[in-house]
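Just so it is clear, none of the values below were taken in a lab; they were calculated from the coordinates. Quick caveat: nothing in here was measured; it's all calculated off a predicted structure. We place every Cβ from the backbone using ideal geometry, glycine too, and count neighbours over all the protein chains shown.
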Amino acid sequence: NTMAEAELLLKKYDTAFAHCRQSAKLVPEQVGAYYIQYRIALTRNEPDAELNGLLELERHNTYLRSHSKNLSTDILFDPELLHTEIAGLYVKTGNMQKALSRLTKLSEKAKESTDIRQKMLEIVSKSADFNFAQTVLRLIPANEDPKYLDLLGIIYIKQMKFTEAAEVYEKLRRLIPENQQVLRRLAGLYAKIGREGDFTRLQNQLTDFSSN
């Protein structure tokens, strides 16, 4: 693995990959070689190879967790975080159904894990499929996370559901009342749904911010 790491730094990807394969054969009870293979694909920007690398890493990680009782879990990967990374790569490679399947399984864990919620939000933010994004947001426990609300508002805007978007940004405004981006977006929404008085008040508030 050390040699593979060195070759990766030197951008000798084929040689690094060969070292990984050799390492995996010599020491089956480890996941390091599979992680380096994934990093090689990531560095080369090869999404399909990234996905295959992570799936292989997941298989070995799962096997070692269940069969190697004496192996320290410190050198293994968190299964749920691997799950979210793989879901993100399914989105990246256009396999939305498999991504949704994995994220659905994670929805219970998301209730208690900030890391998983954040990973799920990252996946939503990178998706151009707004129906998919809205479905995933429904899986994430409703919360007062500004990033969550901002993404939900953007999805409503893309779907031209301006009243629903305004409600989301009103909630966001209560959380971060002096955020000018939120105020500008909300003002634009008020203009679209005919709330001229609210639009004018927000425009005046934005003008005050600019003059201070």
Gain upon complete extension [LYS161, ARG44; 0.36 nm per residue less C-alpha separation]: 38.2 nm
GluC sites (Glu not before Pro) restricted to DSSP loop in the stretch 3-38 with at most 12 other C-beta within 10 Å: GLU29
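Can you give me the convex hull volume of the Cα atoms of the chain, divided per residue and expressed in Å³? Show your work: numbers first, answer last.
Working: hull volume 33.0 nm³, N = 212.
Dividing the Cα hull volume of the chain by its residues yields 155 Å³.
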Sorted peptide list for 8-18, 200-210, 178-188, criterion being average Cβ within 10 angstrom, highest first: 178-188, 8-18, 200-210
Spatially proximal lysines relative to LYS147 (Cα-Cα < 21 Å; intrachain offsets below 8 disregarded): LYS92, LYS109, LYS111, LYS119, LYS126, LYS158, LYS161, LYS171
Whole-angstrom gap from the stretch 12-48 to the stretch 90-151, using each part's C-alpha centre: 28
Chain lengthening between THR135 and THR104 when straightened (0.36 nm per residue, less Cα-Cα): 10.2 nm
